[in-house]
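Q: Below is one structure. I have some questions about it.
The values are calculated or read from the model by the stated rules, or taken from the named source; none is laboratory data. Nothing here was measured: the structure is a model prediction, and the numbers come from that model. Please note: Cβ atoms are built from the backbone with ideal geometry, for glycine as well, and neighbour counts cover all protein chains shown. The area values use the complete protein model at the heavy-atom level, side chains included, leaving out ligands, DNA and RNA. Shrake-Rupley method; radii C 1.70, N 1.55, O 1.52, S 1.80 Å.
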Amino acid sequence: MFARLAAELHQEPDEATASQAIVTRLREVVPEARRVSLAVRESRGLRTLASSDRLANEADALQYALGEGPAIEVVDQGGWLRVGDVDSDARWQGWAPRAAALGVRSLLAVALVDGEETLGALTVYGTDPGGFSERDAVEHALAYAAHAATALACTRRAATLETAVSSRHVIGMAQGIAMERYGIGAQQSFELLRRLSSTTNVKLRDVAAQIVETRTIPVERDREHSED
């Protein structure tokens, strides 16, 4: 089953669909997993990339607003944690009572780790106390999280590669326009794009995209405006 799920997750075309598939298919591994969220780590903290329902999404949002909670803890410290009675848990005095008010009674949170990098957390929320108490539930969730982290990391690397290839293509087209317009070589055209990027404080790819779209060089457009 794990081999099949891993293969299916690796076939998802992008991060968004892979994340939603991770959330949806967890139920095949942990039958109790009816309310699930997948939070990913970003420069400003965590962000919910996919969730099964409103309760999971709101429980995550509370964590981000208060700066505490199970997903934040496992991302910071690694590993996993289980809470059998959220309302009486003293670890998160701000989050726990508010989550309980939403209907969260128990939970299981697992860090998503790829190599040495923690990508985020997979959190399963239960609406009854004492949830996820079976050892198999925890072990299956941990094994699934390992496959999920690998699949998520692969989609990210694929997206980065695709973006790099696309950027190179756009920059090459802009170089061609500059070479034709000014009768310069490939190296000179690239230096021109780099200078434009530096002087306008715009990313090189974006400068190239503007040139390709308008078929003009920014210095030419500036000259036209000054003449007007």
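Q: May I ask you to say which residue of ALA71, ALA50, ALA99, ALA59 is open to solvent by less than 10 Å² (accessible area, probe 1.4 Å), in a strand (DSSP E or B) and aliphatic (A, V, I, L, M)? Please lay out each step first, then the result.
A: Details: ALA71 fails: in a strand (DSSP E or B); ALA99 fails: in a strand (DSSP E or B); ALA59 fails: in a strand (DSSP E or B).
It is ALA50.
Q: Do you know which residues across the stretch 21-47 are surrounded by fewer than 22 Cβ atoms within 10 Å (Cβ to Cβ) and of a type in the set (D, E, K, R)? Walk me through it before giving the result.
A: In the first step, residues of the stretch 21-47 are kept if they are surrounded by fewer than 22 Cβ atoms within 10 Å (Cβ to Cβ); the result is 21, 24-25, 27-32, 34, 40-47.
Matches in the stretch 21-47: ARG25, ARG27, GLU28, GLU32, ARG34, ARG41, GLU42, ARG44, ARG47.
Q: Please determine whether any residue of the stretch 11-30 is farther than 15 Å from ALA148 by Cβ and of a type in the set (S, T, N, Q).
A: Within the stretch 11-30 (the criterion being farther than 15 Å from ALA148 by Cβ and of a type in the set (S, T, N, Q)), the answer is no, since none of the residues qualifies.
Q: Would you please name the residue that is farthest from SER88 (Cα to Cα), looking only at residues in the stretch 120-135 that are open to solvent by 60 Å² or more (accessible area, probe 1.4 Å) and out of contact with any Gly (no Cβ under 9 Å at 6 or more places or on another chain)?
A: Checked the stretch 120-135; the qualifying residue farthest from SER88 (Cα to Cα) is ARG135.
Q: Give just the number: which of (1) open to solvent by 50 Å² or more (accessible area, probe 1.4 Å); (2) of a type in the set (Val, Ile, Thr); (3) at pLDDT 85 or above does VAL138 not satisfy?
A: Of the numbered conditions (1) open to solvent by 50 Å² or more (accessible area, probe 1.4 Å); (2) of a type in the set (Val, Ile, Thr); (3) at pLDDT 85 or above, the odd one out for VAL138 is (1).
Q: Let me ask something additional. How many residues, within the stretch 102-119, are open to solvent by less than 30 Å² (accessible area, probe 1.4 Å), modelled with pLDDT of 95 or more and of a type outside the set (Gly, Ala, Ser)?
A: 4
Q: Tell me, please, whether a residue that is in contact with a Lys or Arg (Cβ under 6 Å, 6 or more places away or on another chain) and among the β-branched types (Val, Ile, Thr) can be found in the stretch 94-104.
A: Initially, the stretch 94-104 is screened for residues in contact with a Lys or Arg (Cβ under 6 Å, 6 or more places away or on another chain), giving none.
No; the residues of the stretch 94-104 include none that is in contact with a Lys or Arg (Cβ under 6 Å, 6 or more places away or on another chain) and among the β-branched types (Val, Ile, Thr).
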